[in-house]
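Undergrad: Shown below is the structure under consideration.
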Amino acid sequence: MIRVGHSTRRWLIMGLAGALTLSGCDSNERVPPTDGPGDNPVTAGLRVDEAGIAAIPREGALDVTVLLRRAGAGQATGRVAVTLERLGEAVAVAEGDAPFTTDGDTARVQVPLTLADGLDLSDPSGLANYVIRYRVAWDGAPLWGRRSLFAAVKLAEAQLLSSDTFQVDVPAFVRLMTRDPQTGEALGDLPVTVGLARGEGDAAELVPLFEGRTDAFGQLSASLTAGEALVGGGELVVRVETPTGAQEMRAQVAVQRATKVLITTDKPLYQPGQTIHLRALALRRPNLGPDAGATVVWEIFDGKDNKVERVESRSDDFGVSSVDFKLASEVNMGRYRVVATVGETVTEKTVTVERYALPKFDLDVDLDRAVYFAGDRLVGTVRARYFFGQPVAGGTVSLSASTLDAGETVFANLQGATNDEGLYQFELQIPSYLVGQPLEQGGGLINLALEITDTAGQSRTASQIVRVARGPLEIAVVPESGSYVPGVAQKLLLRTV
């Protein structure tokens, strides 16, 4: 089945041709039309209302209604002969006649015509290729004339509002509106079928999706849902049974499988020879349920954008798919691209492949207070310890302190060495004036940058931000709605530090 989404959305507005008309009586009598020049729709006592000539194409037949208007008194009787000719040709492809009698002002004469074998008038675009000729023989002077078949068939109008892209298993709607273009009245209770045509020529297959009828306002809303089997391109076919016969609207559409894919790796940085563990989570839009059983195509490109791997996998019941990629010992370094493709959804992630050395020891900075004031003395201790537990004894220490405002302004530099326990104690004077930061309630910030190098030449850096308060008490007031609203009672959240 099919659905029309929301996503990104383009509307299709299309015209539907259908005829509004009348049916009539049959007669085997036939009078050939005049061969006289020009048209003569008016004579004393009687005239043909050419604008009122109507035609209804049917299978193998054409019903024509000729509207006569009586101008004089008394009864008028006669016959109306009608032929159908191709434009530019004098040969009739259909003909018929019918008697009439009128005592009043108006007479509607219905003339049925039998079409020649093989003649099909179901396509409204071809109606302009034919002309209706009529001749009225009665007690007075004869009348004759011609009328385009396209003008005689009173066309119905319809608008179809639909997306050109459908998502699998996502319900959506198409809306149809029909009316009579002559009167503007809605065409209600018309049978409507909606389907998706796939394939071309004789191999085309129409998959039915919806059946219904227009309402009293000439409108119809159809809920469509496209299944997995309909993924791909096709033609949306809307068929409306009008009083003149079935008419169709067609539009190219695409049925897509909308999937959201997230790629994750076990770490962002790898060395040659290591294994990259990849995982993809596939979720189906719009409800974001797991896309179970989906085929995931993995492609990996090295630092020079050469494709070095392509592998396929399937997602499990939770929409998860995982693969491993082993890096060679000698590879192109740089940023590797990992591309996962699920259906028409392509997701990409980058990782870095380069040689690196892991840090050999850890650093910690302990301060005597969490918050300081301008002009205070800051006292701290640096702790350096190898990961296997031994202290970093005799390590060279370099420490710089700077204020943070528009940039960094260094106000102190310290040099020293760690003792046998891997400790280094320091003191520094905070400046008496610092630029206040709006996010710190007018307070300032200090950055402590530290570097330690052990006796083996291995270095490690670290940094720590220190808050400098504006005063001994900080108060923050936040309204519950996020902003103050005049004249409205509201709660205020108060925080003190």
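The values are calculated or read from the model by the stated rules, or taken from the named source; none is laboratory data. All values derive from a computational prediction rather than experimental measurement. Using ideal geometry, Cβ is built from the backbone for each residue, glycine included, and neighbour counts are taken over all protein chains shown.
Undergrad: Counting only residues that are within 24 Å of ALA258 (Cβ to Cβ) and out of contact with any Ser or Thr (no Cβ under 9 Å at 6 or more places or on another chain), how many does the range 206-221 have?
TA: 2
Undergrad: Please note which strands (runs of 3 or more DSSP E) are completely contained in the range 127-239 and include at least 1 residues that are at pLDDT below 90, under 18 Å from the mean Cα position of the chain (by Cα) and surrounded by 15 or more Cβ atoms within 10 Å (Cβ to Cβ). First the steps, then the outcome.
TA: On the way: elements: 130-138, 143-148, 157-161, 165-167, 172-179, 191-198, 205-213, 219-224.
In the range 127-239, 157-161, 165-167, 172-179, 219-224 are the strands (runs of 3 or more DSSP E) which contain 1 or more residues that are at pLDDT below 90, under 18 Å from the mean Cα position of the chain (by Cα) and surrounded by 15 or more Cβ atoms within 10 Å (Cβ to Cβ).
Undergrad: Sticking with this structure for a sec: What are the pairs, 6+ residues apart or on separate chains, where a residue within the range 423-438 that is exposed (fewer than 12 other Cβ atoms within 10 Å of the Cβ) has its Cβ under 9 Å from a residue that is basic (Lys, Arg)?
TA: What qualifies is GLU427/ARG377.
Undergrad: For the condition among the charged types (D, E, K, R), farther than 22 Å from GLN458 by Cβ and touching a Pro at 6+ places or on another chain (Cβ under 8 Å), what is the one hit in GLU344, GLU427, GLU330, GLU408?
TA: Only one candidate passes the filter, namely GLU330.
Undergrad: With a cut-off of at least 3 residues that are of a type in the set (Phe, Trp, Tyr), name the strands (runs of 3 or more DSSP E) lying wholly within the range 430-491.
TA: In the range 430-491, no matching strands (runs of 3 or more DSSP E) lie anywhere.
Undergrad: Of everything in the range 149-171 that's small (Gly, Ala, Ser) and in contact with a strand residue (DSSP E or B) (Cβ under 6 Å, 6 or more places away or on another chain), which residue is nearest to SER221 (Cα to Cα)?
TA: In this case the residue turns out to be SER162.
Undergrad: Sort through THR496, THR455, THR396 and tell me the only one that's closer than 21 Å to VAL379 by Cα and not charged (D, E, K, R).
TA: Result of the check over THR496, THR455, THR396: THR396.
Undergrad: A follow-up question, please. Looking only at the range 270-310, which residues are more than 16 Å from GLU348 (Cβ to Cβ), aliphatic (A, V, I, L, M) and without any contact (Cβ under 8 Å) to a residue 40 or more places away in the chain?
TA: Those that are more than 16 Å from GLU348 (Cβ to Cβ), aliphatic (A, V, I, L, M) and without any contact (Cβ under 8 Å) to a residue 40 or more places away in the chain: LEU283, LEU288, ALA292.
Undergrad: So which residues in the range 380-392 are among the hydrophobic types (A, V, I, L, M, F, W, C) and in contact (Cβ under 8 Å) with a residue 60 or more places away in the chain, if there are any at all?
TA: Those that are among the hydrophobic types (A, V, I, L, M, F, W, C) and in contact (Cβ under 8 Å) with a residue 60 or more places away in the chain: VAL382, ALA384, VAL392.
Undergrad: Return the pair list, or none, for Cβ contacts closer than 7 Å from residues in the range 159-180 that are without any contact (Cβ under 8 Å) to a residue 12 or more places away in the chain to residues that are crowded, with 23+ Cβ neighbours inside 10 Å, at least 6 apart or on different chains.
TA: Taking only residues 6 or more apart or on different chains, not a single pair turns up.
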